[in-house]
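Q: One structure follows; several queries about it will come next.
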Amino acid sequence: VVCPIGGYISTVSKFLVCESLAQVCDDHLENTCLYVTPICHVHKHQLCDLQEDCRDGSDEDNVACSLLTVRTCTRRGRPGWELPIPLPWLTDDFTDCMEGKDEDRTLWPTCGAGATLRYVPENQADFCQDVFLCQGGKSGYVEFDFLCDGVESCGFENNVCSVSRSFPDVSTKLQRFTMEKDGRSVGVRYMFYCTKGMSSLVRLHKGLCTTRSFAFPAHQIYGLREQNVLVVPVSPRPCDYLFGEHYVYTSCSGGCLHSPCPLKNHPVYDSCPT
């Protein structure tokens, strides 16, 4: 371990590391240790270093190893080893890298702003996704990959997850109404936010709802007098979270952005089945 002793950079013997003896390093680096299992006590710089120090390898499978930097540095507890470090070690007011690289905010890529400002492994869009915001929680946010993982990160995360899992299944059906027009029965299907009482949601989506005939099939159906009219948003929008009828009717009527219609072969019903 390399650390300041009396203000001078020095090397501490491995036999003094994690021994909880009298303080040697000015910053207590030699005793910055943790139990990764009840029987394995290691220095923090032994975590995620590609070398198993615990018999079961738990020091390499620790939660701290789930998100590591792409850029490497020489850890003070591993002199001569160029290694990535866990993201939580960055700018935490404790120097882990030689020359203090981990405390230099200009070296490490970030995402978000304000409460969601966070370090990411590298500057890629995959690492800059939406996050679950905490309300006064200790971490400020939870990455969706770690949401509902059983670890209480926000102070109320587990409660939110418990309530959300008791919700009913995702709605896949459009609301159906029937109206008479020119002596014919016309089936009208409404997207959920185009129904009465949901007009405020329409405004939030910056669009109005409009009627549109369902395009499949486009010709007269033999023996069937009912036609389908859709009430959908006037402009296309993302359909990543539409399912079932919501997705089929919307995508096949040109209402989805970047989402194809799943009906590849248009059905033809112009004769009685044999």
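The values are calculated or read from the model by the stated rules, or taken from the named source; none is laboratory data. All values reported here derive from a predicted model rather than from experimental measurement. Methodologically, a virtual Cβ is constructed for each residue, glycine included, from the backbone with ideal geometry; neighbour enumeration extends over all protein chains shown. Just so you know, the surface numbers come from the protein's heavy atoms only, side chains and all, with ligands and any DNA or RNA stripped out. Shrake-Rupley method; radii C 1.70, N 1.55, O 1.52, S 1.80 Å.
Q: At a 1.4 Å probe, what is the % contribution of carbon and sulfur to the accessible area of region 50-161?
A: Result for region 50-161: 49 percent of the exposed heavy-atom area is carbon or sulfur.
Q: I need the semi-axes of the equivalent ellipsoid of region 31-140: take the C-alpha gyration tensor, multiply each eigenvalue by 5, square-root it, list largest first in whole angstrom.
A: 25, 17, 13
Q: Ranked highest first by the average count of other Cβ atoms within 10 Å around their residues, in what order do 41-48, 58-65, 143-150 fall?
A: 41-48, 58-65, 143-150
Q: Related question: Scan around Thr110 for amide H atoms under 5 Å from its own, H built in the peptide plane at 1.01 Å from N, and keep only partners 5 or more places away or cross-chain.
A: Residues meeting the amide H criterion: Val120.
Q: Which ³J(HN,Hα) values, rounded to whole Hz and listed in residue order, are derived for region 152-161 from phi using the Karplus coefficients 6.51, -1.76 and 1.60 in 6.51 cos²θ - 1.76 cosθ + 1.60 with θ = phi - 60°, glycine and proline given as x?
A: After applying 6.51 cos²θ - 1.76 cosθ + 1.60, I find 6, 9, 10, x, 9, 4, 5, 5, 4, 5 Hz.
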